[in-house]
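Before any comments, here is the structure.
The values are calculated or read from the model by the stated rules, or taken from the named source; none is laboratory data. Every value quoted in this text rests on a predicted model; they were computed, and no experiment measured them. Here the Cβ positions follow ideal geometry from the backbone for every residue, glycine too, while neighbour counts run over all protein chains shown. In case anyone asks, the SASA skips ligands and DNA or RNA and just uses the protein heavy atoms, side chains included. Shrake-Rupley method; radii C 1.70, N 1.55, O 1.52, S 1.80 Å.
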Amino acid sequence: INWFPSHDTYRMNRKFVGVTILDDTSVESVNEKQLATILKTLSNPVMVDVWADWCGPCESQAPVLKELSEAHGDTIRVVKIEIENAPTLVKTFGIAHVPTILVFEKGKPVNKLVGFQSKQQLEASFKTVDLSAGSNIYAGK
C-alpha cells in the first residue's frame, strides 16, 4: 500500500473532497517558447501565472485571473505556465513558491507577486508599471 499518494492520485481524488475545479479557459496556457515569443512581440503588459496543478492556492487564483483577463484583456495579456514546465523561468526569477505572478512590460520584468493575490492587488501590479526596471530576459533567444 502506498501511504503517500502521488500528485496523480491527488488529482483523481480531489473531486471526492469537495474541491470544484473552475473553468479558466480565458487564461491561455503557454510553454517557455511561447512565452518568449509573447514577451518579444507585445508592448502591452503581460501577466504570467506560474502555477502547479497540485497547488490549492493556484486553484483559487485561477478564477481571479480569468476575471482580470476578461475585464482588462484589451490592455493586458494574462497567461499561465506550469512550474514543472518552466525551468528557465524558475531559475531566472528564483521562483520557490506557487502561485507566483510575474508582470512584464515590453519584455522586461517589472513586478513579482508571491502567493494568492486579489483582483485589486493584480490590477495595481500592472497599473504602476515601471518601464526602467529589468531587462528582456528573452532578448536574442
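Couple of notes before you dig in:
- Search result, residues across segment 34-65 that are open to solvent by 50 Å² or more (accessible area, probe 1.4 Å) and part of a helix (DSSP H, G or I): GLN34, THR37, LYS40, THR41, PRO57, SER60
- The set of residues from segment 67-97 being within 16 Å of ALA124 (Cα to Cα), open to solvent by 50 Å² or more (accessible area, probe 1.4 Å) and within 12 Å of the chain's Cα centre (by Cα) comprises just one member, ARG77.
- Search result, residues across segment 88-128 that are in a helix (DSSP H, G or I), in contact (Cβ under 8 Å) with a residue 12 or more places away in the chain and farther than 16 Å from HIS72 by Cα: THR88, LEU89, VAL90, THR92, PHE93
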